[in-house]
Amino acid sequence: MMVRIQTADFDVSAEIAALRRNNPKIGAVASFVGVVRDVNDGGAVAGMTLEHYPGMTEKAIEEIVVQAKGRWKVIDALVIHRVGTLKPTDQIVLVVVTSGHRGDAFAACEFIMDYLKTRAPFWKKEQSGEGSRWVEARATDDIAAGRWRLKG
């Protein structure tokens, strides 16, 4: 398991290749890449600044991955989340899960992403033509994460 919080961009292909390198037990790789959009809640977004609490953020994400490993047959997982100033089209998050079978990989990847949105301590501020604003948590993210509580 690897969790990285960084300002630098990441190479999806290289990260996936490194995670699955020389492991013949891996039969499935599921991944998700989140990208900064140029619109949110109907308003234009010129950029975004992400802040976090070093140490606490990594620990919270590691716990999310541990929970996923406890629910599904996960061989390995990687979470990279960027912080700092980002602009539309920039990659913001990468979640990769390896498993023996696709069902476990897909479910664990989706679970990790849903819980990242609701449990990882990040603070997002969007910049627009009208100024900047802190991004509030969304009810839809809580609903998505809530469905996992019903399972297992």
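Some observations on this one:
- Taking only Cα atoms of the chain, radius of gyration then Dmax in Å: 15.8, 53
- Estimated from the Cβ-Cβ distance and a Förster radius of 22 angstrom, the FRET efficiency linking Thr49 and Ile16 is about 0.20.
- Listed pairs Lys25/Lys117; Lys73/Lys124; Lys25/Lys73; Lys59/Lys87; Lys59/Lys124 exceeding 22 Å between Cα atoms: Lys25/Lys117; Lys73/Lys124; Lys59/Lys87
- FRET efficiency for Glu63 and Trp123, using Cβ-Cβ distance with R0 set to 22 Å, rounded to 0.05: 0.70
- The label-point distance for Ile26 and Lys73, in a model that sets each label 7 Å from Cα toward Cβ, rounds to 1.7 nm.
- Rounded to whole Hz, the Karplus (6.51, -1.76, 1.60) HN-Hα couplings of region 93-108, x for glycine and proline: 8, 10, 10, 10, 10, 10, 7, x, 9, 5, x, 5, 5, 4, 4, 5
- For Asp90, nonlocal amide neighbours, meaning residues 5 or more places apart or on other chains whose placed amide H falls under 5 Å from its own, are Val36.
- Using the Karplus relation 6.51 cos²θ - 1.76 cosθ + 1.60 with θ = phi - 60°, the per-residue 3J(HN,Hα) values for region 7-19 come to 8, 6, 5, 10, 9, 4, 4, 5, 5, 5, 4, 5, 5 Hz, with x marking Gly and Pro.
FYI, it's all coordinate maths here, none of it is from the lab. All values derive from a computational prediction rather than experimental measurement. Cβ sites come from the backbone with ideal geometry, for glycine too, and all protein chains shown count toward neighbours.
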